[in-house]
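Asker: Below is one structure. I have some questions about it.
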Amino acid sequence: MPTYIAKRLLAAIPVILGLSIIVFLVMKLIPGDPAQALLGSYATPDNVARINRALGLDRSWPEQYVIWIGNLLQGDFGRSYILNRPVIDEVLERFGATLILAGASLVICSVLGILAGIVSAVRQFGWTDRIVTFFVLIGISMPAFFLGLVFILFFAVQWRLLPASGMYAVYGGGDLPDLLRHLILPASTLAIVATGVVARLTRAAMLEVLRQDFIRTARAKGLSENKVIYRHAFRAALVSIIPVLGIQAGFVLGGAVYIETVFQWPGLGQMLVKAVSTRDLLLVQGGVLVAATVYVLVNLLADVAQALLDPRLKA
Amino acid sequence: MTDLTTPAPARKRRSNLQLLLANRLAAAGLFIFGFIVILALLAPILPIPNPDITDQPNRLLPPLSEGHLLGTDHLGRDILSRLIWGTQVSLLVGVSATALAAFFGSLIGLVAGYARGATDSVLMRFVDMLMAFPYILLAIAIVAALGPGLLNALYAIALVNIPFFARNIRGVTVSIRNREFVDAARLSGKSHAAVLFTEVLPNVLPVIVITMSTTVGWMILETAGLSFLGLGAQPPTSDLGSMLGQARAQLFTAPHASIIPGIMIFVLVMSINLLGDGVRDVLDPRLRSGTLGRPMPVTRIKRSAKPSLTLPEPPALVVENLSTGFDTGGSITPAVNNIGFRLDKGECLGLIGESGSGKSVTALSLMGLVASPPGVITNGGVYIGGKDVLSLREQELIALRGARVAYVFQDPLTTLHPLFSVGDQIAEAVLTHNPIGKRRARQRAIELMDTVGIRDASGRASAYPHELSGGQRQRIGIAMALANDPDIIIADEPTTALDVTVQARILELLQNLRRERGLALLLITHDFGVVAEVCDRVAVMKNGEIVEQGETQTVLRDPQHDYTKRLIACVPELGEGRNFLDRVRPLFPEAKA
C-alpha cells in the first residue's frame, strides 16, 4: 500500500504542474500590454522597455513560466494590489472557511446521496424509487444560487430559524454551535446538485452489482437480504461510487463561489468574485491554483480509498 | 458503408421521434422546452413593453398589477418582458456554448482517437489538465483574464466543457477506427481526413448528440451563474442570471423579482434535462438506467395449483412437476416444463443436457434462486426432507439455503465476491447459520480449506479470489458449500471452467466428500464423460423437459431416447482420432453438410 500511495503522489506532480501551466497561459490571455497599463500616459517606448525588463516581461514565455513557478514554490504568489497584502496570506486565510463549507457539503451529499441511491435501487420502480428519482431531477436542475435565496427567504426571514449570512454571529458568536447554525443553510444548498448526482450514480451502480453472479452466491449461502444488499452489493458498488465522490469534491469547491456570494460566507469563492470584478488578477491566480491543487489531492485520496477497498487495483 | 448512412434515414428519424414521445417525461420536457423556445423567439412581436424602459414611480410592483402581469423590478421595468427577453439571451448563450464545446471537444476526441500514438497522448493530457480544475473555477479565471462580459463567459463555459466531449468522443472513435468498414475505406484510397469525416464521424454522431443533450442544461445553468455573480451579462444586456443577481438586493422587500427568474431557469433546465434523458434512452438504449429489474431475494412463485405440503417417507430431495419460466412482459416463456426427479441420501444424480436445455434453471429453482424478475416458478413442488420448500415463507426458505442445501457454481471468478478474502467468505457462510464467533468461524474456514485440499490453508485464507488459480477457487466454492454440513449439494457445472486435469481432481474431491459425509449430490453438466464417472443415476434434459432418466449404467448401455444417444456419442475417446466425426455425424441429420 505505501508504494501505491507513493506512486499516486508522484503521478499527481505532473498534473499539478499542468494546472500551473494552464493558469499561466490563461493569465497571458489578458488583453493589452501590462507595461502600457501600468505607465498610463507615461508610456514612452523607452519607459515601456524599462518596465518590461524590470518585470521580466522581455523574456520568452517558458523563461517567464520557470521564474514564476520558482517563486510559487517559495510561497511567493505576489501581492494583491487592492488589499495590499501577500496573496498567499489572504488565500490561506479564506481557504479555511471554504474547506469547512465544501467539506460539510461533501459529507451531506455523500451520506444522503448514497442512502437515497441504495433505497431507490432496492425499491426499484416502487414509490420510494419514484420519489427519489423526482428529487434527483429537481436537484440536478436547480440553480444552487437561486435555491440559496429561497432558503434565506423561508428559513431566515419567514421562519427565523437560521441565520441568513456570515460564518459567525456578530455579537456573542464564535463557538462551534454558532458555526454549525451558520453552516446548515449554505452547506445544504451547496450539496443539492451533488446529492442528486451521487444518488443517481449509486442507484445505477447498485442495480448493476445486484445482477452479478457473486450476489447469487451470497443468496445461496443463506444470507439475509439486508446482508446481501448492505454488505455484499454495497461494498462492490462503493468501488465505483468513490471516484464519483472525488469528482463531487470539485463541484462543491467550484460551487462554493455562488454559495459564498449568496450567504456572505467569508471564503475563497467570495474573494474570487470580488477579485475578478476589481481585476485583482494575482489574487484570482493564487486562489484558483490553491483550490485546484487541493482538488487534485482530494482525488488522490479517492484513488487511495478505492484501492483500499478493491484489492484488484493495488497491483 | 457506415451503419447510419444507409438508406431510409427519414423513416428512422420518425421512429426515433415516436420513441421519444412514447416516453412521457421526455415528451413533457420537449413540450415545455418547445414552448419556452417559441416564446423567446417571438419576443420581438409579442405585445409586451420594452424591457429596458424604466418607470421609477412604478418600481417593485407585485405580480398581477395592472399592465404588469409579473410586476416590475427595482427600476420599474416590466418583469414579464424582461423574463422573455432574458430567456432568449440565456438560451442563445447556453446553446452557443454547447455548440462550441461540442465542436472543439468532438474534434479533439475524433483526432485523438483516430490518430492514437503521440497525438492522442498530447491531446488527452491537455484534456486531463482541464478536467483537473474544479469545474467553475477555471471559467472564473478565464473571465478574470478576459474581463467580465457575456461573450467571455460563453467562451469560458465552452472551454471548461470541452473535456466531456473530448473524452466521450475519443472513446467511441477508438472502438470504431478498428472496424472493418474503416479499414475498407482506407484501403480504397481515401485520405485520413476523408475516412475520419465520412466514415467515423457519422457513427460517432449519436454520442455527440447524447453528450450535447445531457450537457446543454448544465451550461445554461453555469452561464446564468456567472451572470448572477456579475461576471456574465453586463447592463443593459441581461439574461436570467443577471436578472436574479440584480433583484437579490431587494430580496426581502420584493422577493418576486428574484423568484420569477429563478423559477424560469429551473423550469428551463429541468425541461432540457428531461428531454436529454429521453434522447439518450432513444439513441443508446444500453445507457438506460435500470431498465432491468433488480433480482428479488426469492424467485417469484405463482403456482396455479398448490401441491401437497409434505410427502410420506421422503428421500433427501423430491422434485415434482416443476415448471419455471421467464416473464417477458405479460406472457411467460417456459424454460423448465413439468419435470420431476428424486435424489436419495448419499446418492449422486446427474442432470445432463446442452446449454439452454433448462438444467441450470432447474438447479436454481430448487432454492428459489432464479433471478426474478424475470423468473417465475409456475408449477410443482420441491420437497426437502419431505416438506415443500416453495410453500415456505421467504425467511424460512432463506434459512435453508447453505444450511441443508448448498450450491457450488460454475465460474468461481465471478461467483466469489471479488472484494472479500476467501477465508472471510467461508467464515461468513459458517456464521450465517451458526453464530460461533468470528475467531472460531475463521478457524473453521481454514479447516474447511484444508479439507478441500488447499495447501497452506491458513496462509491462503487471507487471499482474494483473483489471487488464486481456477482450481483453487473452485475448491473455495466447495469449502463454502460444506460450511454447514448440508444434506444436499447442488453443483452447477462445477468443472466446466477448469482444465481437464484440475477437473478430474475436483470431481474426485466431490466423490470423496459424498462418500465420507453421505451427501446427496445433484450434478449439473453437459458432459456424459463426467456423468459416467461420478453419477449413480442420470436424468437427460432437452428443451426444458426430462426426456429420459435411470441408472447411469443402464442409460449408457441402452439409451432409449435419440437425444441421449447423441449426447453419449459425443464423448470422444482417446485414440479414436478422426473417426470421431464419422461416427457422430449420422446422429445429427441437420448437420449433413
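Asker: Restrict the check to the stretch A:100-114 and report whether at least one residue is away from chain B (no Cβ under 13 Å), among the hydroxyl-bearing types (Ser, Thr, Tyr), surrounded by fewer than 23 Cβ atoms within 10 Å (Cβ to Cβ) and closer than 30 Å to A:Ala205 by Cβ.
Answerer: Yes: one or more hits.
Asker: Sort out which residues of the stretch A:9-37 are assigned to a helix (DSSP H, G or I) and charged (D, E, K, R), and write them in order of number.
Answerer: Listed by number, the list holds a single entry, A:Lys28.
Asker: Given the conditions (1) within 30 Å of the chain's Cα centre (by Cα); (2) under 29 Å from B:Gly262 (Cα atoms); (3) not acidic (Asp, Glu), and given that B:Arg125 satisfies all but one, which numbered condition is not satisfied?
Answerer: Failing condition for B:Arg125: (2).
Asker: For residues that are away from every other protein chain (no Cβ under 12 Å) and either more than 18 Å from B:Val216 (Cα to Cα) or surrounded by fewer than 19 Cβ atoms within 10 Å (Cβ to Cβ) (or both), tally how many sit in the stretch B:125-160.
Answerer: 1
Asker: Additional query: Just to be sure I understand the filter: pairs with C-beta atoms under 8 Å, separated by 6 or more residues or on different chains, first member in the stretch B:455-482 and surrounded by fewer than 18 Cβ atoms within 10 Å (Cβ to Cβ), second member among the charged types (D, E, K, R). Which pairs pass?
Answerer: Here the result reads B:His466/A:Arg312; B:Gly470/B:Asp499, each pair linking the stretch B:455-482 to a residue that is among the charged types (D, E, K, R).
Asker: Here's something else I'd like to know. Just wondering, is there one or more residues in the stretch A:121-128 that are surrounded by 22 or more Cβ atoms within 10 Å (Cβ to Cβ), within 12 Å of chain B (Cβ to nearest Cβ) and touching a residue at least 40 places away in the same chain (Cβ under 8 Å)?
Answerer: Yes, there is a match, as at least one residue in the stretch A:121-128 is surrounded by 22 or more Cβ atoms within 10 Å (Cβ to Cβ), within 12 Å of chain B (Cβ to nearest Cβ) and touching a residue at least 40 places away in the same chain (Cβ under 8 Å).
Asker: If you don't mind, another one. Which condition from (1) at pLDDT 90 or above; (2) within 14 Å of chain B (Cβ to nearest Cβ); (3) within 30 Å of B:Met296 (Cα to Cα) is the one that A:Pro143 breaks?
Answerer: All conditions pass for A:Pro143, except number (3).
Asker: So which residues in the stretch B:16-59 are more than 23 Å from B:Ser242 (Cβ to Cβ), surrounded by 11 or more Cβ atoms within 10 Å (Cβ to Cβ) and either polar (S, T, N, Q) or in contact with a strand residue (DSSP E or B) (Cβ under 7 Å, 6 or more places away or on another chain) (or both)?
Answerer: B:Asn16, B:Asn23
Asker: Given B:Gly353, B:Gly375, which one is over 16 Å from B:Glu394 (Cβ atoms) and surrounded by 21 or more Cβ atoms within 10 Å (Cβ to Cβ)?
Answerer: Result of the check over B:Gly353, B:Gly375: B:Gly353.
Asker: Give just the number: which of (1) touching a residue at least 40 places away in the same chain (Cβ under 8 Å); (2) over 26 Å from A:Phe214 (Cβ atoms) does B:Lys359 not satisfy?
Answerer: (2)
Asker: Please indicate, with yes or no, whether at least one residue in the stretch A:167-185 is part of a helix (DSSP H, G or I), in contact (Cβ under 8 Å) with a residue 60 or more places away in the chain and within 18 Å of the chain's Cα centre (by Cα).
Answerer: Within the stretch A:167-185, one or more residues are part of a helix (DSSP H, G or I), in contact (Cβ under 8 Å) with a residue 60 or more places away in the chain and within 18 Å of the chain's Cα centre (by Cα).
Asker: Within the bounds of the stretch A:48-62, is there any residue that is at pLDDT 85 or above and under 24 Å from the mean Cα position of the chain (by Cα)?
Answerer: no
Asker: Taking the stated definitions as given, is B:Ala532 of a type outside the set (Phe, Trp, Tyr), in contact (Cβ under 8 Å) with a residue 24 or more places away in the chain and not in a strand (DSSP E or B)?
Answerer: Judged against the criteria, B:Ala532 is a match.
Asker: Checking the condition under 18 Å from the mean Cα position of the chain (by Cα) and aromatic (Phe, Trp, Tyr), which residue from A:Phe95, A:Phe125 passes?
Answerer: Every option except A:Phe95 fails the conditions.
Asker: Only residues that are closer than 21 Å to A:Gly113 by Cα and among the hydroxyl-bearing types (Ser, Thr, Tyr): list them for the stretch A:192-217, please.
Answerer: A:Thr195, A:Thr202
So that you can scan it fast, the table gives a plain yes or no per residue for (1) crowded, with 24+ Cβ neighbours inside 10 Å; (2) under 30 Å from B:Val182 (Cα atoms); (3) within 9 Å of another protein chain (Cβ to nearest Cβ); (4) out of contact with any Gly (no Cβ under 8 Å at 6 or more places or on another chain):
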| site | (1), (2), (3), (4) |
| --- | --- |
| B:Thr214 | no, yes, no, no |
| B:Ile220 | yes, no, no, no |
| B:Pro235 | no, no, no, yes |
| B:Ser238 | yes, no, no, no |
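Asker: So A:Met206 fits all but one of (1) of a type outside the set (D, E, K, R); (2) within 7 Å of chain B (Cβ to nearest Cβ); (3) buried (at least 23 other Cβ atoms within 10 Å of the Cβ); what number is the exception?
Answerer: Single failed check for A:Met206: (2).
Asker: From the set of residues in the stretch B:393-415 that are farther than 14 Å from A:Arg219 by Cβ and surrounded by fewer than 19 Cβ atoms within 10 Å (Cβ to Cβ), which is farthest from the other protein chains (Cβ to nearest Cβ)?
Answerer: If we take residues in the stretch B:393-415 being farther than 14 Å from A:Arg219 by Cβ and surrounded by fewer than 19 Cβ atoms within 10 Å (Cβ to Cβ), then B:Arg393 is farthest from the other protein chains (Cβ to nearest Cβ).
Asker: Specify which of the listed residues (A:Pro86, A:Pro14) is surrounded by 12 or more Cβ atoms within 10 Å (Cβ to Cβ) and within 14 Å of chain B (Cβ to nearest Cβ).
Answerer: A:Pro14
Asker: Sticking with this one: Checking the condition away from chain A (no Cβ under 14 Å) and touching a helix residue (DSSP H, G or I) at 6+ places or on another chain (Cβ under 7 Å), which residue from B:Arg517, B:Arg442 passes?
Answerer: Just a single option satisfies the conditions, and that option is B:Arg442.
Asker: Something else about it: Only one of (1) surrounded by 15 or more Cβ atoms within 10 Å (Cβ to Cβ); (2) of a type outside the set (Phe, Trp, Tyr); (3) in a helix (DSSP H, G or I) fails for A:Ala6. Which number is that?
Answerer: Condition not satisfied by A:Ala6: (1).
Asker: Take the conditions touching a residue at least 12 places away in the same chain (Cβ under 8 Å) and either part of a helix (DSSP H, G or I) or under 24 Å from B:Ile140 (Cα atoms) (or both) and apply them to A:Asn52. Does it pass?
Answerer: It is true that A:Asn52 is touching a residue at least 12 places away in the same chain (Cβ under 8 Å) and either part of a helix (DSSP H, G or I) or under 24 Å from B:Ile140 (Cα atoms) (or both).
Asker: Oh, and also: Could you please find all residues in the stretch B:399-416 being touching a residue at least 12 places away in the same chain (Cβ under 8 Å) and more than 21 Å from B:Gly518 (Cα to Cα)?
Answerer: Selection gives B:Ala399, B:Gln410, B:Asp411, B:Pro412, B:Leu413, B:Thr415, B:Leu416.
Asker: Let me ask another. Among the residues of the stretch A:104-120, write down those that are under 17 Å from B:Gly293 (Cβ atoms) and without any contact (Cβ under 8 Å) to a residue 60 or more places away in the chain.
Answerer: Passing the criteria: only A:Val119.
Asker: Out of B:Ala363, B:Ala335, report the one residue that is of a type in the set (A, V, I, L, M, F, W, C), within 25 Å of B:Phe528 (Cα to Cα) and in contact with an Asp or Glu (Cβ under 6 Å, 6 or more places away or on another chain).
Answerer: Selected residue: B:Ala363, the only one of B:Ala363, B:Ala335 that is of a type in the set (A, V, I, L, M, F, W, C), within 25 Å of B:Phe528 (Cα to Cα) and in contact with an Asp or Glu (Cβ under 6 Å, 6 or more places away or on another chain).
Asker: Give the stretch B:487-503 a look and list any residue that's β-branched (Val, Ile, Thr) and surrounded by fewer than 20 Cβ atoms within 10 Å (Cβ to Cβ), or say none.
Answerer: B:Thr496, B:Val500, B:Thr501, B:Val502
Asker: Every residue in the stretch A:256-315 that is of a type in the set (Asp, Glu) and farther than 22 Å from B:Leu130 by Cβ, please.
Answerer: A:Glu260, A:Asp280, A:Asp310 - these are the residues of the stretch A:256-315 that are of a type in the set (Asp, Glu) and farther than 22 Å from B:Leu130 by Cβ.
The values are calculated or read from the model by the stated rules, or taken from the named source; none is laboratory data. Because the structure is a prediction, the values reported are computed rather than measured. Please note: Cβ atoms are built from the backbone with ideal geometry, for glycine as well, and neighbour counts cover all protein chains shown.
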